[in-house]
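Engineer: One structure follows; several queries about it will come next.
The values are calculated or read from the model by the stated rules, or taken from the named source; none is laboratory data. Just so you know, these numbers come straight off a predicted model, no measurement behind them. Cβ sites come from the backbone with ideal geometry, for glycine too, and all protein chains shown count toward neighbours.
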Amino acid sequence: MTDIALALGGGGVKGIAHIGVIRQLEKEGFKIRAIAGTSAGGIVGAVYAAGVKLDHIISELGMVNHKEFFARKPNDPPSLLGLAGLVNFLNTYLEDKDFSDLSIPLALTAVDIRSKQEIIINKGSVIQAVLATVAIPGVFPPVFIQDLELVDGGVLDPVPVAVARWLAPQLPVVAVCLSPTPEEWREMPELSVPIEPPLPRPILQQITHSRIAQSLRIFVNSMDITARMVTELRLQVEKPDVIIRPEVHHIAPLDRVDPHELLEAGERSVTEILPRLRESVAWYYQLLRRFRDAQPPGKLLEEDLAD
């Protein structure tokens with residue numbers, strides 16, 4: 001078995017492809033020794049690090065009801081959508097697990113919008129950490145931990161390569177990026193506004209074509225461009241040993257999807273990059289990794305804050 005560390009990026013429902021990536025990596029003889037996750041990558045990373053079998057996760061995904069999954073709770077902070085279904089999913093597999101209970105070292109990223117800092121979470125409640133890393137600003141509720149107001153880690157760190165390197169500095173870091181390359185951007189469809197109010201279709205169509213909705217569409221797509229550029233810049237700076245990009249770029253973060261299509265895309269992406277994966281464990285690269293800096297790339301969530 002060949003040991004590696006994973007950096008799993010965000011991407012909403014496209015994160016299902018991470019499961020296909022992990023499954024194929026296992027088939028090819030790679031052993032995942034550490035995981036850093038952001039947003040959707042945080043969900044998959046947390047459940048996998050808890051020792052849940054991939055087949056169980058896949059079976060659960062096939063039964064997800066889109067509206068129930070993104071339902072709001074009465075006491076949720078202001079947001080377009082909620083995460084009631086995700087909470088139920090996490091309670092089923094993670095229960096009251098702490099990071100110290102996990103079988104694989106895990107760190108998730110979030111952003112404190114008050115201090116404008118990236119927060120690395122590797123202590124305390126795993127469920128709370130997952131809810132923080134997936135909290136897309138304005139779309140899902142933020143998570144409050146004492147004086148921190150935490151939102152999606154992808155705001156600053158869409159694919160947490162440096163965090164994975166900090167967790168396992170001697171291992172090759174395999175980054176799984178769910179966004180397209182800059183060359184593919186022009187072929188990508190626009191994002192739609194992620195909200196579906198329970199209204200009759202004629203009224204819903206009028207709302208969709210209103211000036212407010214059109215303005216929101218422009219805003220959402222502009223922020224998407226920014227997020228893609230941040231992703232590329234961070235990958236260029238942090239230089240993972242290998243980048244895997246499943247072909248899921250045509251899917252929007254909150255689309256209704258066929259889970260098996262995404263799983264297969266994840267598996268194919270590993271097969272296509274396999275020669276580079278094998279090369280990354282060569283002695284020359286192992287020698288270079290011995291000189292890596294193992295300092296945390298962001299602010300660590302203090303232990304007393306994580307409880």
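Engineer: Taking the criterion of being closer than 20 Å to VAL161 by Cβ, surrounded by fewer than 19 Cβ atoms within 10 Å (Cβ to Cβ) and not aromatic (Phe, Trp, Tyr), would at least one residue in the stretch 110-130 satisfy it? Spell out how you get there, then give the answer.
Structural biologist: Quick first cut of the stretch 110-130, residues closer than 20 Å to VAL161 by Cβ only: 110-111, 117-122, 129-130.
Restricting the remaining residues to those that are surrounded by fewer than 19 Cβ atoms within 10 Å (Cβ to Cβ) gives 117.
Applying the additional criterion that residues be not aromatic (Phe, Trp, Tyr) yields 117.
Looking for residues that are closer than 20 Å to VAL161 by Cβ, surrounded by fewer than 19 Cβ atoms within 10 Å (Cβ to Cβ) and not aromatic (Phe, Trp, Tyr), one finds at least one in the stretch 110-130, hence yes.
Engineer: Right, another one. Which one is farthest from ALA168 (Cα to Cα), of the residues in the stretch 231-258 that are among the aliphatic types (A, V, I, L, M) and modelled with pLDDT under 90? Give the steps one after another, and end with the answer.
Structural biologist: So in the stretch 231-258, the residues among the aliphatic types (A, V, I, L, M) come out as 233, 235, 237, 242-244, 248, 251-252, 254, 257.
Narrowing the set further to residues that are modelled with pLDDT under 90 leaves 251-252, 254, 257.
On the way: ILE251: 32, ALA252: 32, LEU254: 32, VAL257: 34 Å.
Once the filter is applied, the top-ranked residue is VAL257.
Engineer: Quick check: is even one residue across the stretch 70-89 part of a loop (DSSP other than H, G, I, E, B), in contact (Cβ under 8 Å) with a residue 24 or more places away in the chain and in contact with a helix residue (DSSP H, G or I) (Cβ under 6 Å, 6 or more places away or on another chain)?
Structural biologist: no
Engineer: Quick one: GLU261 ticks every box in (1) under 19 Å from GLU183 (Cα atoms); (2) modelled with pLDDT of 90 or more bar one, so which box is it?
Structural biologist: The failed condition is (1).
Engineer: Of all residues in the stretch 92-113, which are touching an Asp or Glu at 6+ places or on another chain (Cβ under 8 Å), farther than 21 Å from ASN75 by Cβ and at pLDDT 95 or above?
Structural biologist: Residues satisfying the conditions are THR109, VAL111, ASP112.
Engineer: Got a sec? Which strands (runs of 3 or more DSSP E) wholly within the stretch 101-177 have at least 2 residues that are farther than 23 Å from PRO246 by Cβ? Before the answer, list the steps.
Structural biologist: Details: elements: 106-112, 117-121, 143-145, 148-152, 173-176.
In the stretch 101-177, 106-112, 117-121, 143-145, 148-152 are the strands (runs of 3 or more DSSP E) which contain 2 or more residues that are farther than 23 Å from PRO246 by Cβ.
Engineer: Could you figure out which of (1) surrounded by fewer than 22 Cβ atoms within 10 Å (Cβ to Cβ); (2) closer than 28 Å to GLN24 by Cα; (3) modelled with pLDDT of 95 or more isn't true of GLU149?
Structural biologist: (2)
Engineer: Which one of ALA46, ALA7 is outside any helix (DSSP H, G or I), under 21 Å from ASP101 (Cα atoms) and modelled with pLDDT of 95 or more? Steps first, please.
Structural biologist: Details: ALA46 fails: outside any helix (DSSP H, G or I).
The conditions single out ALA7.
Listed here are the residues, each with its yes/no results for (1) without any contact (Cβ under 8 Å) to a residue 60 or more places away in the chain; (2) hydroxyl-bearing (Ser, Thr, Tyr); (3) surrounded by 21 or more Cβ atoms within 10 Å (Cβ to Cβ); (4) under 29 Å from GLU28 (Cα atoms).
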{"position": "ILE225", "(1), (2), (3), (4)": "yes, no, no, no"}
{"position": "VAL230", "(1), (2), (3), (4)": "no, no, no, no"}
{"position": "LEU235", "(1), (2), (3), (4)": "no, no, no, yes"}
{"position": "VAL242", "(1), (2), (3), (4)": "no, no, no, yes"}
{"position": "ARG245", "(1), (2), (3), (4)": "no, no, no, yes"}
{"position": "VAL248", "(1), (2), (3), (4)": "no, no, yes, yes"}
{"position": "ALA252", "(1), (2), (3), (4)": "no, no, no, no"}
{"position": "GLU272", "(1), (2), (3), (4)": "yes, no, no, yes"}
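Engineer: What do you reckon, is GLY85 of a type in the set (Gly, Ala, Ser), over 23 Å from ALA36 (Cβ atoms) and at pLDDT 80 or above?
Structural biologist: Numbers: of a type in the set (Gly, Ala, Ser): yes; over 23 Å from ALA36 (Cβ atoms): yes; at pLDDT 80 or above: yes.
Yes, satisfied.
Engineer: Could you please let me know if ILE104 is in contact (Cβ under 8 Å) with a residue 40 or more places away in the chain, surrounded by 20 or more Cβ atoms within 10 Å (Cβ to Cβ) and of a type outside the set (D, E, K, R)?
Structural biologist: Working: in contact (Cβ under 8 Å) with a residue 40 or more places away in the chain: yes; surrounded by 20 or more Cβ atoms within 10 Å (Cβ to Cβ): no; of a type outside the set (D, E, K, R): yes.
No, not satisfied.
Engineer: Among the residues of the stretch 179-187, is any modelled with pLDDT of 75 or more and aromatic (Phe, Trp, Tyr)?
Structural biologist: no
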